[in-house]
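Below: the structure, in structure tokens.
The values are calculated or read from the model by the stated rules, or taken from the named source; none is laboratory data. As the structure is a prediction and not an experimental result, all values here were calculated from the model. Neighbour counts run over all protein chains shown; Cβ positions are idealised from the backbone, glycine included.
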Amino acid sequence: MIHRTGPAWQTPEWQTALAQAFTEPEALFEYLGLDRSRLPSTLAASRRFRMKIPRSYAALMTRGDPGDPLLRQVLPSAEELLEVAGFCTDPVGDLATQEAPGLLHKYHGRALLITTGACAVNCRYCFRRHYPYAGASAHRDGWRGALAYIAAHPEISEVILSGGDPLTLSDQRLGELCHGLGRIPHLRRLRIHTRLPLLLPGRITKDLLTSIMATGLQTVMVLHVNHPREVTGELAGQMRLLGDAGITLLNQSVLLRGVNDRAATLAELSEALFSAGILPYYLHLLDRVEGAAHFEVERSGAHAIHEALKARLPGYLVPRLVYEQAGAPSKIHMP
Ligand SMILES: *Cc1c(COP(=O)(O)O)cnc(C)c1O
Ligand code: SF4
């Protein structure tokens, strides 16, 4: 069903759901029936990087299981407080590539917009968990700086909306951005990197689709799904709306220890994604960001998992295994 955007004075359903996300560890422990012995470390870690978990996402977790792969992605833990050599606050050198407020121009032909710092969920392994969003989000100046930079650089053919999560912005804000992008003659493609369709039912609204279509740009949505249990009927329904609108649907995952570090899990993920009309695109090695060391799968292990995946799936369901290296002209593809 396509969710109507109500009158301007009415808060859209997805924004209400966003406001009701779990942010207090006690409430989450209660809801999931978790052993309270882990509560003090969860509280300590959430003081460094706030806990945020939408209720619809928590509803997919297994009650009473502290090792649930969905919970593990989002539950603050004691391991985050450890200092581990080689893990730093800006692992991919983002700050050095900022050309206008919130605009990163790292790769040929593509500009990436940090549209907002907000997300619907705070993933504990996020490589931007330390990003100084306050001074570096493209919406702050009404998109002017970012749009002017893109307009002045005819070699940019694709704009990537990232963040944070661009779909946490209101349809009105995104509409303004789409309007501006649609007027830049050398742009060919619009890409949206988001995790929202699997977190907030109803986020793909009619107004959002209308704004995207009005750009006249070919559009790609890259989702961020890590585990087969995240591919729900609700997600598939939202994907159908996008697919019907001619939007290409891809997925990127991060290879995470204790979440999806088995070939069987990743194979199931690829199958589930394809059933929902989404093609696997990238499988990222973890960026070495401070506080996320416990999620790392070492390179030889990652390579072996990827080989096993190749041996059991058709080629088009095998995501490319990549990692990011500051200063490189593209993501680095592992053989
Ligand atoms: C990852 C990334 C892109 C997109 O790279 P693709 O290989 O085209 O998916 C673009 N800009 C920045 C800054 C990135 O980090
Ligand atoms: S930017 Fe992406 S990975 Fe990072 S917290 Fe937000 S949704 Fe999660």
Next on the checklist: Cβ-Cβ distance below 8 Å, separation of 6 or more or different chains: which pairs start in the stretch 148-171 with a residue that is without any contact (Cβ under 8 Å) to a residue 60 or more places away in the chain and end on one that is assigned to a helix (DSSP H, G or I) and within 16 Å of ligand 2 (Cβ to nearest atom)?
Outcome noted: G164/Y133; D165/L196; L167/L196; L167/P197; L169/H139
Checklist entry - Right, A326: touching a Gly at 6+ places or on another chain (Cβ under 8 Å) and in contact (Cβ under 8 Å) with a residue 24 or more places away in the chain or not? => result yes
Checklist entry - Restricting the stretch 64-102 to residues that are closer than 30 Å to V159 by Cβ and modelled with pLDDT of 95 or more, which is surrounded by the most Cβ atoms within 10 Å (Cβ to Cβ)? => result Q73
Checklist entry - What is the residue count in the stretch 167-218 for residues that are touching a Gly at 6+ places or on another chain (Cβ under 8 Å), under 20 Å from T116 (Cα atoms) and among the polar types (S, T, N, Q)? => result 1
Checklist entry - For the stretch 148-161, does any single residue satisfy the condition of being more than 16 Å from ligand 1 (Cβ to nearest atom) and crowded, with 17+ Cβ neighbours inside 10 Å? => result no
Item to check | Residue check for L255: away from ligand 2 (no atom under 16 Å from the Cβ), surrounded by 18 or more Cβ atoms within 10 Å (Cβ to Cβ) and either assigned by TED's automatic domain parsing to the domain that holds H224 or among the small types (G, A, S) (or both) | outcome: no
Checklist outcome for this item: Listed by first then second residue, the pairs whose first member lies in the stretch 176-205 and is assigned by TED's automatic domain parsing to the domain that holds L241 and assigned to a helix (DSSP H, G or I), whose partner is within 15 Å of ligand 1 (Cβ to nearest atom) and among the small types (G, A, S), with beta carbons under 9 Å and at least 6 positions apart or on separate chains, are L177/A138; L177/A146; G180/A146
Checklist outcome for this item: When (1) over 26 Å from L18 (Cα atoms); (2) surrounded by 18 or more Cβ atoms within 10 Å (Cβ to Cβ) are applied to S137, the one that fails is (1)
Checklist outcome for this item: With criteria (1) of a type outside the set (V, I, T); (2) in contact (Cβ under 8 Å) with a residue 60 or more places away in the chain; (3) away from ligand 1 (no atom under 15 Å from the Cβ); (4) under 15 Å from R288 (Cβ atoms), N122 comes up short on (4)
Checklist entry - Mind checking which residues of the stretch 300-335 are more than 16 Å from R262 (Cα to Cα), surrounded by 13 or more Cβ atoms within 10 Å (Cβ to Cβ) and more than 12 Å from ligand 1 (Cβ to nearest atom)? => result M334
Checklist outcome for this item: Subset of the stretch 315-334, residues under 24 Å from P91 (Cα atoms) and either assigned to a helix (DSSP H, G or I) or in contact with a helix residue (DSSP H, G or I) (Cβ under 8 Å, 6 or more places away or on another chain) (or both), comes to P319, L321, A326, M334
Checklist outcome for this item: Going through the stretch 132-149 in order, the residues found to be more than 11 Å from ligand 2 (Cβ to nearest atom), assigned to a helix (DSSP H, G or I) and of a type in the set (F, W, Y) are Y149
